Amino acid sequence: MRTLATFVLMALLASPALAAEPTLAIRGGTVLTVTHGTVPDGTILVQGGRIVALGSDVKVPAGARILDARGRYVMPGIIDAHSHIALAGDVNEATSPVTPQLDMLSALDPYDPAILLALAGGVTATKLLHGSANVIGGVSVTVKLKWGHPASDMVIHGVRPQLKMALGENPKRTYGDKDKMPATRPGEMALIRQSFAEALDYKREWDSYRSEVAANKEAKPPKRNLKLETLAAVLDGKIAIDCHAYSAQEIVALLGIVEEYNLPLLAFSHALEAYKVRDLLAKRGVSVQTHTDWWGYKWEAYDAIPYAPEMLIRAGVNTVLISDSPDVTRRLNREAAKLLRHGGLSEDQALATITINPARALEIDSRTGSLEVGKDADLAIFDRHPLDSRAKCVATIVEGEILFDIAHVGPALPQ
């Protein structure tokens, strides 16, 4: 049987030009598509970084590079929708509670070893976001984990950015301890409301100027304010919102402001009490990016229960398991496996929380998150079923390129 190591050696000898490379055929594995069931003894054909054929009766073209996956499980690349890796440690600008003008792309470090650790766990994409010190933090960047590539190659272009917001203990502690607002939850809500009120005025000024300049080329533009410019883009729906929150009361309070300003809220992160208001979240179409058994590490986490993801899923909430940790990100498959124990979800439902569900929360589900013809060839190959606690990722492929290979304990990059 041709081994993975043999295949990688063949890849190293191949031409580095993508156009000159033959089709990649991943053959003989159990294919877990997540959205369209399981294909035993399946074959996946990859060309130009995308899946061009998938099934149990796919014909492998002559000259194709063959990866023998017999005895292994092939699943969509895992997506971590909440991470702070590869940001050179510059995660919190804890000098002001409102800093939407920050862009996390500015801190992206493509050589962070944490990227390779994530790949070793089968992770192929992640959202890198500002920390939770600020009520309104910076703008996130969604990337493919293309280890060894420049930062510009990692960014998933054409994806709506997301503004990080945070409620509760973290902003209260950060600024209350400095005798600055916010020291309370009402203070947080007041800051959010005031910030978007100012952004609305700023937006109106610029809208008025644009109307005026069409008739009067001498019209003077308003003074630029990068903070308000970003919030105005949120009001226009060009930037979405991911809000760190824990308690049900603050989730409901923010939903009120979201309705007041018609804000594009995509997700609550952590949200350990979201199960208490799951029907409301399902009605609003807001994703919940959460954990399985994180409990008791601060008072906001005291009401966490391991059955929360299952309760959210059954209520119709797009539910995502996240890492918020460079360690947990490499074993998100085991986090998903806990859902089989706590709530009795199916294997596909559990796998969805780390594949297609985060893809939906990041608005990249047309490109990745499941194994389907036409989607990016982002795959993770495990030696056992990925929900088996003993399972190890043996290879991770991003857009058709092998970026982790357990036989080499590192990336298999062209020489």
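A short reminder: the numbers here are calculations on the coordinates, not readings from a lab. Small disclaimer: the values here were computed from a predicted structure and weren't measured. Positions of Cβ are generated from backbone atoms using ideal geometry, with glycine treated the same way; all protein chains shown enter the neighbour counts.
Once the Cα atoms are used to define both axes, helix 4-13 deviates from the longest principal axis of the chain by about 80 degrees.
Output the pairs from 164/375; 127/223; 164/298 with a Cα-Cα distance over 30 Å in this structure; if there are none, say none. Flagged as over cut-off: 127/223. Counting beta carbons within 10 Å around each of 155, 286, 234 and listing the fewest first gives the order 155, 286, 234.
In the structure shown, do any of 178/220; 144/180; 178/276; 146/276; 283/338 have a Cα-Cα gap over 28 Å, and if so which? Going by Cα-Cα distance, 178/220; 144/180; 178/276; 146/276 fall outside the 28 Å limit. For region 56-125 versus region 147-184, the inter-centroid distance based on Cα atoms is 18 Å.
Computed over the chain, relative contact order equals 20 percent, with contacts defined as Cα pairs under 8 Å that lie 6+ residues apart. Tell me the angle of helix 332-341 to the major Cα principal axis of the chain, expressed in degrees between 0 and 90 and rounded to the nearest ten. Tilt of helix 332-341: around 90 degrees. In the set (1) -0.25, -0.46, -0.88, -1.22; (2) -0.26, -0.46, -0.82, -1.06; (3) -0.33, -0.58, -0.97, -1.17, the label that goes with log10 I(q)/I(0) by the Debye sum over Cα atoms at q = 0.06, 0.08, 0.11, 0.13 Å⁻¹ computed for this structure is (2).
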